[in-house]
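Beneath this line is the structure, given in structure tokens, with notes to follow.
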Amino acid sequence: MTRHWLHGATLLLFTIPPVAWAWWDNGHMLTAEIARQQLTKSQVAVINGLLEEWSDDFPGLCDLVTAAVWPDQLKCANHGAVCPRAVMENIHIFDPWHFDEKPYNPQNLTLPHCADQWLPNPSASFTLTSAITSMGTSNSRFAFNFMLRWVIHLVGDIHQPLHSADGYFDDARLGHLPQGDRGGNLIPVISDCGANNLHFYWDSAACQYLVNWSPHYQDHREALTQNASDLITKYPPSSFGTRYDPEHLKACWTQLQNKSKPSGVFDICQQVFVRWVNDTFDTGVPGAYGGITRNSMIPDDYAVWAKALDMVCFWKTYAEFEMSRRQIVLGGYRLGDMLRLLAEQGARVKQVPDRKPHMDLNTKIFMASTIVLAVLLVLLLIRYCKLSRRLRDITSPNDMALELNRAVA
């Protein structure tokens, strides 16, 4: 969930920044923490070992949990509460990777050209497919490090309902949006926590999780770990019924490990991630757009469906759903299954040999100057020693004057 599901022990007061920078973090880390708790210590060590190799450039974003925030931090261009890093990359070329914009068109409007072609690159499901096919065969630690960070983030993204849909409407309730609503970004709402559009409201898990990552996020790790453990207890894998299948990736991974890979292996793998996107879409999108009105307060019954269990909403009964948290947990289980396979392959990737220390230009200039001065000093010492020997051999004042004249000349 770029613009994310958030978790925290305390509710922070905040002002929603402009659309491009409202990226929240804690829900992504909560999804990753749930996944981490599904792995063995050795599997976690393999993944962390790969991620830690970028710790100099990305301090505080280099373990299985905090790396979930890295793809959003790449977009930061200005310092602030949501962009606390010292270095601002301001990279936006990857922005389309965070979404699968499957059209939600309940009024059967005429869609813009190619709006129904949401599967190809760029999209979250396409990127996840590319990531698993790369890591299923790669021996590059760079490839693993880079793609692992996207996998950890994007599995979270595609479990947020409004990261799987683009809504098309033309009515008084939701507005004139025949070109799409950018996953709810163009539907302004009023909420208790300050989320000022429908997408932000869902990124906050219905105003439940409002703590952002910071370089000192370790102070919150204990609360994050405990919350993940509580959610796993509350929603075990069996609670999702047929929605969760730990074998979803088996056919894809088996074909990737096959030395004579079939030509359709990419499609086999992509079907898994499209299935997850469709599951999120079918489960959450109709309800996410139901019962709300643009420029109005989020209704109590809507909030109940989004974050509370066993309640009846005024437009439909969703007795089994605590939608936002259940999606976070389901995403964590599926991410854990995926990371288990990737750790198996990552363990085979050899460590890069230690390289010679890198010297910047100033260091090189200093070293060259030192060498030149040292050579000059040695030459002067040699000349001084020769002169001293000659002066010791002189017996008359006239000879000494002559020798000094020669030395000066």
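Every number here is computed from the coordinates shown, using simple stated rules; none is lab data. Note that the coordinates shown come from a computational prediction; the quantities given were computed from them, not determined experimentally.
DSSP assigns beta bridges within the range 19-346; of those with both partners inside it, close to 55 percent run antiparallel.
Backbone amide hydrogens, once placed in the peptide plane, bring residue 24 within less than 5 Å of 3, 4, excluding anything fewer than 5 places away on its chain. For the range 195-287, what D do you get in µm² per second when you plug the Kirkwood radius from alpha-carbon pairs into Stokes-Einstein at 10 °C and 1.306 mPa s? In µm²/s, the coefficient is 94.
Counted over the range 81-237 with a bin width of 10 Å, the fraction of Cα pairs per bin, in whole percents, is 9, 27, 35, 23, 6, 0.
Comparing the range 51-139 with the 2.2 N^0.38 Å rule of thumb, its C-alpha radius of gyration ratio is 1.40 (two decimals). With the convex hull drawn around the C-alpha atoms of the range 22-103, the volume per residue stands at 118 Å³. Projecting the alpha carbon convex hull of the range 19-346 along each direction and taking the average yields 16.5 nm².
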